[in-house]
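The next block holds one structure in the form of C-alpha cells; read it before the comments.
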Amino acid sequence: MLTLNDLVSNFSNVRDLGDGIIGFRDVLPKVTYYYYLKFADSNIGQCDFLVVSENIEDDGFAAFVLGSAANSFDKNKLVLSGLSGNGRGFTDFLMAPPEFHSYFKGRLDAKRGNLVLRLPIFRSEFSGNETIDEFYYLRKNIVPTLDWDRSVCPKIRIRFDNPKSRSGTGDDYILEKYDFVEKEVDNLEGVFDGYMEIVNYKDIVVEIISKGDGIFSLIRNRDDTNFELFENAKLKAWLWSFLTGN
C-alpha cells in the first residue's frame, strides 16, 4: 500500500484535501498531470484508488469520483459503475486494476500492487470486458481519458469492404473513431455491394450495404429481412445514436 511519505518523496505539491484524499502532480515541459489518491484504509477492497487528469486541476470533481460508491468491485478486472450528478456530464466511472495501467511504474513498483485507477467516462466509451491490450489501445488512440473536457468518444469496432477503392479490413474488426466511420460511409456512397459491419460498446452489430444509388440498407441482428433504407446524412445520425445511446 502507498503512504504519504511515498508521495512526498516522489511528487511535487503534495496536498491533503481531506477525507483521506491527497492531491499531487507531475509537471512536464508540455503537460501537467494532476493526481488524486484515496488511501486504502478509507475505502472498499483495501486498494489505493487513483484519479488522473491532464492539464485540468479540479479538486472537487476528483473528490466526487473518488467518493462515489461502486455498484460492485473486483480488483482483478475492469469494473463499471454509475457516476450521476457530476458537473462534467460523465455517466460512469471505470475501475482498472494495476495490470491495466502503468501509473507509478519505475517509481513505486513495490507499492502499486493494489493501485486501482478510476476513470470518469461516458458509458459508450468502454464495454467493461476489454483485454489489457485493448484497454491500452482505446486509451491511447480512441478515448482521451485524461481530458475531463472531452466530448463522448464511443468505442467502435468496424469491419468493411469497398470494392471500388479496394480497401477493407478482411475478416477482422478494427477499433476506430467515429470520424473514420463517417468517412467510410462517404466512400461507400454510390458503390454497388460495398458493406460495413459496426459493433457498438454493447457488442450489438449492424450491417450496412451500399445499394449503389446513394442509398444504404441497414440490417439489424444479422437478419436480412430486418432492414431499413437510409440516405447518407440520416444513416450517420442513426449510427451516432446507435454508438452512443443507452
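The values are calculated or read from the model by the stated rules, or taken from the named source; none is laboratory data. Please read these numbers as outputs of a predicted model, since none were measured by experiment. Here the Cβ is made from the backbone with ideal geometry for all residues, glycine too, and neighbour counts use every protein chain on show. Ligands, DNA and RNA are stripped out before the accessible areas are found, and what is left, the full protein with its side chains, is counted by its heavy atoms. Shrake-Rupley method; radii C 1.70, N 1.55, O 1.52, S 1.80 Å.
In the stretch 200-228, of all residues being among the small types (Gly, Ala, Ser) and either within 30 Å of the chain's Cα centre (by Cα) or open to solvent by less than 10 Å² (accessible area, probe 1.4 Å) (or both), the one that is farthest from Ser124 (Cα to Cα) corresponds to Ser210. Residue under question is Leu119, and the condition is that it be within 11 Å of the chain's Cα centre (by Cα) and assigned to a strand (DSSP E or B); does it hold? Against the criterion (within 11 Å of the chain's Cα centre (by Cα) and assigned to a strand (DSSP E or B)), Leu119 qualifies. Which count do you get for residues in the stretch 15-74 that are closer than 16 Å to Leu94 by Cβ, open to solvent by less than 30 Å² (accessible area, probe 1.4 Å) and within 20 Å of the chain's Cα centre (by Cα)? Summing the residues that are closer than 16 Å to Leu94 by Cβ, open to solvent by less than 30 Å² (accessible area, probe 1.4 Å) and within 20 Å of the chain's Cα centre (by Cα) in the stretch 15-74 gives 12. Considering only the stretch 130-143, I want to know if a residue exists there that is touching a residue at least 40 places away in the same chain (Cβ under 8 Å), open to solvent by 60 Å² or more (accessible area, probe 1.4 Å), farther than 23 Å from Ala40 by Cβ and not charged (D, E, K, R). The answer is no, given that none of the residues of the stretch 130-143 is touching a residue at least 40 places away in the same chain (Cβ under 8 Å), open to solvent by 60 Å² or more (accessible area, probe 1.4 Å), farther than 23 Å from Ala40 by Cβ and not charged (D, E, K, R).
Residues that are without any contact (Cβ under 8 Å) to a residue 24 or more places away in the chain and over 19 Å from Pro120 (Cβ atoms): does the stretch 65-75 have at least one? Scanning the stretch 65-75 turns up at least one residue that is without any contact (Cβ under 8 Å) to a residue 24 or more places away in the chain and over 19 Å from Pro120 (Cβ atoms).
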